Amino acid sequence: MTALRRHRALTKIWASESGWRRWFSTVNHSDLGLMFMCVSVFHFLVAGVLAMLIRAQLASPRSAFMGADVYNQVFTMHGTLMMFLFAIPMFEGLTIYLLPKLLGSRDLAFPRLTAYGFWCYVFGGSMLIFALIAGIAPDSGWFMYPPLSSTLGSPGINPDFWLIGITFVEISAISAAVEIVVTVLRYRAPGMTLAKMPIYAWYALITAMMILTGFPPLILGSILLELERAFGLPFFQVAEGGDSLLWQHLFWLFGHPEVYIIFLPAAGVISTILPVMARTTLLGYGWIVAAAASLGVLSFGLWVHHMFTTGIPHLSLAFFSAASTLVAVPTAVQIFAWIGTLTKGRPELHMPLRWILAFFATFVIGGLTGVMVAVVPFDWQAHDTHFIVAHLHYVLVGGFVFPMLAALYYWLPHITGRKQFFRLGETAFWLVTLGFHVTFLAMHWVGLLGQRRRTETYDPGQGWEAINLISSIGGFVMAIGFALVIVDVVVNAAVAIRGRRNPWRAGTMEWAMPTPAPAYNFASLMPVDSREPLHADSSLPLRMARGEGYLGEARNGLRETLAVAISTGRPEYLVILPGNTMLPISMAFVTGFFFLGLLIKVYWLVPLAAVGVIALALRWVWGLGSRQDQGPQEVGRGLSLPPVSEVADPPGWWGMLFLLLADATLFGSLLFGYAFLWTVAPNWPPPAWMQPDPALLAIAAAAVLGPLGLRLAQGALARGRGLGAGLGLAALGLIAALLAAGLVLLHLPAPQTHAYDATVWVLMGYSLVHCGVGLLMTGQMAARRVAGFLSPARRGELRIVQLWVDYATLTALLSLAAAVLPGVLS
Amino acid sequence: MHPAGPAAQHIATLWWVMLAGAVAIFVFTMLLLALAFRKRRDEERAEQGREGLWLAGLGLAFPLTVLGALLVYGLVIGERLMPRDHPDRVTVSAEARQWEWRFGYADRPGHATTGLLHIPAGQPVDVEITSVDVIHGFWVPRLAGKLDAIPGHVNILRIEAWEPGDYAGVSGEFSGAGYREHRFTVRAHDAAGWTAFLEGTE
Ligand code: HEM
Ligand SMILES: [Cu+2]
């Protein structure tokens, strides 16, 4: 087969549909990555317009342009859109687009999940945009402190848009994170060990792990606050045993890692681009991986520095102050590794490197002011002034926006297949960077003079007028610069001449394909054993196109790719990926009704939508797998591998494992909140504790039948016997767990009584949902056994269910123990 | 910043020290960056691009030293700002609500003022801060840093004014539509004025 015929045959299999349907049914990572990035840029523009409104308002004292109520919505939405709907989705989009290409693979692990996440992002985002247009947007600041954001401070619907919309959007963050982790671990080029991965893959892996452990506290906090707002469960109301500080802990437990979730992908971009621009290799690959990983871990121990003014005990102030200053060390390691790389190479000043230099000049200042505010006494003065606003923009714009612009100019030729021809970008560069520094240097200053953030205007005569005017002028110059960047990109994408492949002479695999990228990425999968495969073997692209690698045959109309062993990269099995489908968008749509019902308080819609989601989910998984044993399959180069349906740990198992990691973090945060209220909140103990009663304990003990039964079923399947007994026992165990949770709820006073009752109520609700889903999955296994999807060789999916049921049972028992513990102790 | 009390004074010194350090580090880093663009022979480049120098030296040792020093300094200052026992310490209370401040006085039980806090000049004052609705912040920039007013909790902030006079105070935590106008005044009295206030004869 010639390269061209292979290209046609593979394209036929992998291509998205043509016409308008393409956008709704595509599951291709290049399509979805670009769609993600475009939508996130849209949100950046909306938030940018809001920033301009803010600067217009603050340009002169006593401005009558906006009143406090409008101004509060504007800055809250500016911060919220920038953080949740621009920065995080931009990382997701970039990674979804790049990751399989960098790893030398054909797509991400779960293509339909990518699409589902994207549509959840779009629908959730449009809820917030709607609120903005309708003038009922959230207005309590982007960190939404109750009681101001609760019914006491905001009786209207405004905060509900935030709590529900953002939670909806976070589905996309969690699903992208699961996807990224599994892809990095299992979907690499054959032979690519972890140590040979392109550096961006490390950053993506660490960032995704941080999303899985960082977002759940926020999701939990949002659920609790919405329960308080909608049903009066008093988690944050001090009179009934709640504590508003609980929200601050949950929020910043998320919020600080969030800053690094935003910075690390940018650092990954720099570590990828900078060596190419300097015509050399990255200095200290191992050091950089270690630094990024330690940043990931350390950032979970710093959240309290956002709460230095809340009256934290002196000792923990000292601890968190020390930790917050020391986190600058791994950042310094990366900065100096990059400067060292430039020093040992021959830097060429193309657009991407320019933006990286802008990054250095900006981010270093942001880091230094960050160290300043980590010193507690100084923070007591600077907190909640424009000094903090300036600091956070130096970090976010310097540490994220500028590197993303570098990425844009670096990968644009890859996306469009065209040369950078017009030179508007250079003017834009100077407008943006100079405008930025004028705007925000001035803001440091006026902050030190005492101007508070989140105040809609100020009185003349305090020496603030000139500084604010300068800051606003800088802001508008920067905005013109951003507009020029967009014009530049659009013009270059639309009319510039076609460029040659690999214009930067980079060594990583994404440049080993024709541009724009074909739907299948690589015509065949070549073994890789270098960090810069294209430098090690410049004929690689040609040999891949000729089909010399694995899976060079286009066969059976199936989207085939390889899964490899986690550390060594040895090919392990053959994966068939799903094709174009409207299922993800339909499911996201129905999920939207679930959230919409909560938002507009039409509660009958909520269970209805939940049933819809479950039905679609069952349909989703039903199509997977195979009804026959196929045995090892040829994959080329003389190798035969088992198909994915016949392995013990299919990608779905790994996906479930990491989903449960996020779920366990949510559960852990709930237990943390419980312990926090119990020990810190003023109005404890509650009127009455739950008392453990023997009947309840007996029923709870029967819950162990769940995991036990599934193990029996697993054994029976291996020996080719019936699953009835095992699955039946498992169902009994799950029913027992449901019953126990139900009993507790029956005996509990109304959840509005006290934060303790509310917490137990949520713990039991958590068990009911998890054990209920476990029961459904068990039933589904029985049905799939009957339908012929399971056999002694095809046991992987039963192991996935087992993982879930183990987790559900464990957390159900822990919840019961937590509920009765204080009663036992007293 | 025009400090008018010891706490604000310490913080102002801290700021100038940190600013000087930050400028030095920034200039140093930018210099290194600029040097990377010099024209050199390849052997020189290889020589200058050693891992030990950049990573262990500049990446690890350098920030550890600087940050260690800063941390100790910050902790010492933090120690000085603590509300410690003091023979002529005065205790007052500040209760915030949307959008008003009410103040009470341990030495004049039963008396409350709204929007105006009386303190003696030249004496350390402990302010017991709390809130009855949403979170607010007690902040008198010229006297000390800020501390939050949180429903159900009482936070204690040590302030002191060297000279008698009026000092502007504002809320330091966003509290909704009336946040900007959520102000108060601290009036520091000389000894005679303070006695008069306590006796209710002002
Ligand atoms: C395009 C240029 C930008 C300008 C001129 C700008 C301007 C501002 C200003 C003046 C405020 C303070 C409003 C106030 O407290 O009264 C603010 C707040 C904020 N900005 Fe920006 N900003 C820009 C870009 C960004 C970006 C790229 C991000 C994040 C990725 C961001 C995140 C935030 C956040 C989180 C807040 C705090 C909102 C709050 O207090 O709730 N901004 N911005
Ligand atoms: Cu932080």
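Can you find, among A:SER567, A:CYS771, A:GLY709, the residue sitting farthest towards the positive end of the charge dipole of the protein assembly as shown, where Lys and Arg contribute +1 and Asp and Glu -1 at Cβ?
So the residue we want is A:SER567.
About its Cα centre, what dipole magnitude does region A:652-825 give when the only charges are +1 on Lys and Arg Cβ and -1 on Asp and Glu Cβ, stated in debye to the nearest 20?
880
Taking Cα pairs under 8 Å and at least six residues apart, what relative contact order does region A:151-238 come out at, in percent?
The normalised contact order for region A:151-238 reaches 39 percent.
Can you list the residues, at least 5 places off or on another chain, whose amide H is less than 5 Å from the amide H of B:TRP101, using H built in the peptide plane?
For B:TRP101, whose amide H was placed from the backbone, the distant partners under 5 Å are B:GLY115.
Within chain A, how many lysine pairs that are 8 or more places apart, or on different chains, have C-alpha atoms less than 23 Å apart?
The result is 4.
List the DSSP H helices in chain A whose Cα atoms stretch 27 Å or more along the helix axis and whose mean Kyte-Doolittle hydropathy is at least 0.5.
Membrane-span-like by this criterion, though nothing is claimed about a membrane: A:29-58, A:111-134, A:158-186, A:199-231, A:244-277, A:351-374, A:424-448, A:465-495, A:651-680, A:724-747, A:755-787, A:796-825.
Per-residue ellipticity at 222 nm for chain B, helices alone: DSSP H runs ≥ 4 residues times -39500 (n - 2.57), over residue total, nearest 500 deg cm²/dmol?
Calculated from helices alone, the mean residue ellipticity at 222 nm is -10500 deg cm²/dmol.
Enter the mean number of other protein chain beta carbons within 10 Å of the beta carbon of each residue in B:60-72, as an integer.
Average per residue, whole number: 5.
Taking both sides together, what accessible area is buried at the B/A interface, probe 1.4 Å, expressed in Å² and rounded to the nearest 100?
6200
Between A:ASN556 and A:ILE497, what is the FRET efficiency for a Förster distance of 35 Å, r being their Cβ-Cβ separation, to the nearest 0.05?
According to the calculation, E is roughly 0.35.
If you put +1 on each Lys and Arg Cβ and -1 on each Asp and Glu Cβ, how big is the dipole of region B:90-199 around its Cα centre, in Debye rounded to 20?
In total the dipole reaches around 180 debye.
Kindly sort A:ILE206, B:ILE156 by accessible area of their heavy atoms, largest first, with the probe set to 1.4 Å.
From most exposed to least exposed: B:ILE156, A:ILE206.
Once the dipole of chain A is set up with Lys and Arg at +1 and Asp and Glu at -1 on Cβ about the Cα centre, which of A:GLN633, A:ALA725, A:GLN57 lies farthest towards its positive end?
Toward the positive end, the furthest listed residue is A:GLN633.
Can you tell me the relative contact order of chain B? Whole percent, Cα pairs under 8 Å, sequence separation 6 or more.
So the answer I get is 21 percent.
Within a Cβ distance under 14 Å of A:PRO217, other residues only, what is the Lys/Arg minus Asp/Glu net charge?
Local charge sum for A:PRO217: -3.
So what is the 222 nm mean residue ellipticity for chain A from helices alone, if each DSSP H run of at least 4 adds -39500 (n - 2.57) and you divide by all residues, rounding to the nearest 500 deg cm²/dmol?
Taking each H run of at least 4 residues, the total per residue is -22000 deg cm²/dmol.
Below 15 angstrom from the Cβ of A:ALA758, what's the summed charge of the other residues (Lys, Arg +1; Asp, Glu -1)?
Net local charge, A:ALA758 excluded: -4.
Say each of A:ALA290 and B:VAL23 gets a label point 7 Å from the Cα, pointing the same way as Cα to Cβ; how far apart are those two points in nm?
That separation, rounded to one decimal, is 3.6 nm.
According to the square roots a ≥ b ≥ c of the eigenvalues of the Cα gyration tensor, what is the shape class of region A:263-491, taking rounded for a/c under 1.5, prolate for a/b larger than b/c otherwise, and oblate for the remainder?
oblate
On the accessible surface of chain A, probed at 1.4 Å, how many percent belong to carbon and sulfur atoms?
71
Provide the per-residue ³J(HN,Hα) series for region B:97-109, in order, calculated from phi with Karplus coefficients 6.51, -1.76, 1.60 and θ = phi - 60°, each as a whole number of Hz, with x at glycine and proline positions.
8, 6, 10, 7, 10, 10, 10, x, 10, 4, 8, 9, x
As a test of understanding, state the convex hull volume per residue of the protein assembly as shown from its alpha carbons, in Å³.
So the per-residue Cα hull volume is 166 Å³.
Counting only the heavy atoms of the protein chains, how much of B:LEU198 is accessible to a 1.4 Å probe, in Å² to the nearest 10?
Its heavy atoms expose roughly 50 Å² to the probe.
Please report the carbon-and-sulfur percent of the accessible area for chain B; probe 1.4 Å, protein heavy atoms only, DNA, RNA and ligands left out.
60
Would you mind giving the mean number of other chain beta-carbons within 10 Å of the Cβ of each residue in A:137-143, as a whole number?
2
Antiparallel as a % of all DSSP beta bridges within the protein assembly as shown, to the nearest 5?
Bridges in the protein assembly as shown that DSSP calls antiparallel: roughly 75 percent.
How high is the relative contact order of chain A, given as a whole-number percent (alpha carbon pairs under 8 Å, six or more residues apart)?
After rounding, I find 16 percent.
Rounded to the nearest 0.05, what FRET efficiency do A:SER530 and A:ILE133 give with R0 = 60 Å and r taken as the Cβ-Cβ distance? Could you check?
0.70
What trypsin sites (Lys or Arg not before Pro) does region A:538-589 have in DSSP loop regions with at most 16 other beta carbons within 10 Å?
A:ARG546, A:ARG555
Region A:29-113: which chymotrypsin sites (Phe, Trp or Tyr not before Pro) are DSSP loop and have at most 16 other beta-carbon atoms within 10 angstrom?
The qualifying sites are A:PHE65.
Kindly report the accessible area of chain A per residue (heavy atoms of protein chains, probe 1.4 Å, no ligands, DNA or RNA), in Å².
Accessible area per residue, chain A: 33 Å².
With the dipole of region A:263-491 worked out from charges on the C-beta (+1 for Lys and Arg, -1 for Asp and Glu) around the Cα centre, which of A:GLY447, A:GLY340, A:HIS314 lies farthest toward the positive end?
Of the listed residues, the answer is A:GLY340.
Taking only complete DSSP H runs, can you tell me which helices of chain B stretch 30 Å or more along their own long axis by Cα positions and average at least 0.0 on the Kyte-Doolittle scale?
Membrane-span-like by this criterion, though nothing is claimed about a membrane: B:6-35.
Taking beta carbons within 10 Å but only from partner chains, what does the mean come to for residues B:136-146?
For this peptide, the per-residue mean of nearby foreign Cβ atoms is 4.
Just how large is the dipole of the protein assembly as shown about the Cα centre, in debye to the nearest 20, putting +1 at every Lys and Arg Cβ and -1 at every Asp and Glu Cβ?
Charge dipole of the protein assembly as shown: 4560 debye, to the nearest 20.
Once you have a ≥ b ≥ c as the square roots of the Cα gyration tensor eigenvalues for region B:6-80, tell me rounded if a/c is under 1.5, and otherwise prolate or oblate according to whether a/b is larger than b/c.
Since a/c reaches 1.5 but b/c is at least a/b, the shape of region B:6-80 is classed as oblate.
Gap in Å between the Cα centre of region A:758-823 and the Cα centre of region B:81-156?
Measuring centre to centre over Cα atoms gives 52 Å.
Between beta-carbons, use under 10 Å as the cut-off and find the net charge around B:ARG180, counting Lys and Arg +1, Asp and Glu -1.
Combined, the nearby Lys, Arg, Asp and Glu give 0.
The values are calculated or read from the model by the stated rules, or taken from the named source; none is laboratory data. What you see is a predicted model; the values in this text were computed from it and never measured. In this analysis, Cβ positions are derived from the backbone assuming ideal geometry, glycine residues included, and neighbour counts consider all displayed protein chains. With ligands, DNA and RNA removed, areas are computed over all heavy atoms of the protein, side chains included. Shrake-Rupley method; radii C 1.70, N 1.55, O 1.52, S 1.80 Å.
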